[in-house]
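This report refers to the structure that appears directly beneath it.
The values are calculated or read from the model by the stated rules, or taken from the named source; none is laboratory data. The structure presented is a predicted model; accordingly, all values stated were derived computationally and were not measured. Positions of Cβ are backbone-derived with ideal geometry, glycine not excepted, and every protein chain shown enters the neighbour counts. Protein only, heavy atoms only, side chains kept; ligands, DNA and RNA dropped before computing areas. Shrake-Rupley method; radii C 1.70, N 1.55, O 1.52, S 1.80 Å.
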Amino acid sequence: QVQLVESGGGLVQAGGSLRLSCVASGRTFSSYIMGWFRQAPGKERDFVAAIGRIGINTYYADSVEGRFTVSRDNAKNTVYLQMNSLKPEDTAGYYCAATSRTMSTMTGGYDYWGQGTQVTVSS
């Protein structure tokens, strides 16, 4: 069982930056592939980024490629999402997720989810 807690969301102007953090419980954090997803009101939960177990392999949605960076610190049981050049369309609840299977862009590919942190980008 893994418990995930996100933080770092907030209100930011377009063009600004935020860094989200997700802290995992347990001693097996490095055995999980970690993902970030986001969900705007009335919309489906969409893939944002994922990172492999030791932080070498990463994958991004086209909409955030070049603006967002996912990283992890296994010693701190933490995965990060650095978000730069934010746009109003990035406004959403952001969720981290963990899987012991393979890297996936689908919500069904992840076994554990955090409660989310809200990001609001004003124009």
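Split the accessible area of the chain by element, probe 1.4 Å, and carbon with sulfur accounts for 46%.
A Gaussian network model of the chain, with springs between Cα atoms under 10 Å, assigns the largest mean-square fluctuation among 11, 81, 20 to 11. Checking every one of the trypsin sites (Lys or Arg not before Pro) in segment 37-74 against DSSP loop status and a limit of 16 other Cβ atoms within 10 Å picks out 43, 53, 67. The DSSP beta bridges internal to the chain are antiparallel in roughly 90% of cases.
Accessible surface area normalised per residue over the chain is 52 Å², counting heavy atoms of protein chains with a 1.4 Å rolling probe. Only protein heavy atoms count here; under a 1.4 Å probe, residue 89 has an accessible surface of about 130 Å². The P(r) of segment 26-89 has a tail past 18 Å containing 38 percent of all C-alpha pairs. With K and R counted +1 and D and E -1, the other residues having a Cβ less than 13 Å from that of residue 58 yield a net charge of +1.
Over the Cα atoms of the chain, the radius of gyration divided by the Kirkwood radius equals 0.94; this is the Rg/Rh ratio.
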